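Worksheet: the structure to be examined is printed underneath.
What follows draws every value from the coordinates through simple rules; no lab data is involved. Being a predicted model, the structure only gives us computed values, none of them experimental. Ideal geometry is used to build each Cβ from the backbone, glycine not excepted, and the neighbour counts take in all protein chains shown.
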Amino acid sequence: MRPCMLSNVAKNYISDYYCILDNMIEKMTGAKLSDSISGNFIAQMIPHHMAAVEMAENILKYTTLVPLQCIAENIVSSQKLGIEEMSRIQAKCGEMCSPKCDVCLYQRDTDMIIHNMFEKMRSAYGDNNINCNFMREMIPHHIGAVRMAENALKYNVCQPLAPILKDIIAEQKKGICEMKNLMKKIGCVC
């Protein structure tokens, strides 16, 4: 059986995706961390959200699938709002110091979560169906956000961050369900 030849559209889409992914990995792993769980979460989640916006804008350049356009447009608007909210509270929340043992445990678990997310996103199956490609890439991205937010909620975080964490969990879980349902509907290969 011959390997699948990628169309120029798929090649362009996938190439842009890997540039976005590499940039996100660099910014998340290079984020300046401190003795504040709240500050550390925000420092790593802002580039995570930025990548979601870029990934959604990338698929919007190519897709004609209306339900996926709606999902991608929702990602753009909700993630931009999340970036604004986190940017607004970043300095104040970064001043809230956490106990050293909590920071150590939080960051160890966060590092495992993001490493797992990076691996799943790097190895997402890519073919000529860019609609399916996007969802195979975005689902582990959303799962990473949910797990990062759940991890942060195990600790004492700054008061304005707590509702943002809960919103991330609810919004991303909803998006995961929508994408999984759409993948089934259009017959995506996992």
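Quick notes
- Mean separation of Cα contacts under 8 Å (6+ apart) over length of the range 1-97, as relative contact order %: 33
- Under a Gaussian network description of the chain, with springs only between Cα atoms under 10 Å, the residue in Met148, Met179, Met112 that fluctuates furthest is Met112.
- Considering only alpha-carbon pairs that sit under 8 angstrom and 6 or more positions apart, the relative contact order computed for the range 53-186 is 29 percent.
- Three-way shape label, the chain, alpha-carbon gyration tensor, a/c 1.5: prolate
- Relative contact order (percent, whole number), the range 92-159, Cα cutoff 8 Å, 6+ residue spacing: 45
- Exceedance of the 23 Å cut-off in Cα-Cα distance is limited, within the set Lys80/Lys154; Lys32/Lys80; Lys27/Lys120; Lys27/Lys174; Lys11/Lys61; Lys27/Lys80, to Lys80/Lys154; Lys27/Lys174.
- Neighbour net charge for Ile59 - beta-carbon separation under 12 angstrom, K R +1, D E -1: -3
- Simple Cβ-charge dipole of the range 67-190, Lys/Arg +1 and Asp/Glu -1, about Cα centre, in debye nearest 20: 240
- Choice from His49, His141, His115 showing the highest fluctuation, given a GNM over the chain with Cα pairs closer than 10 Å: His115
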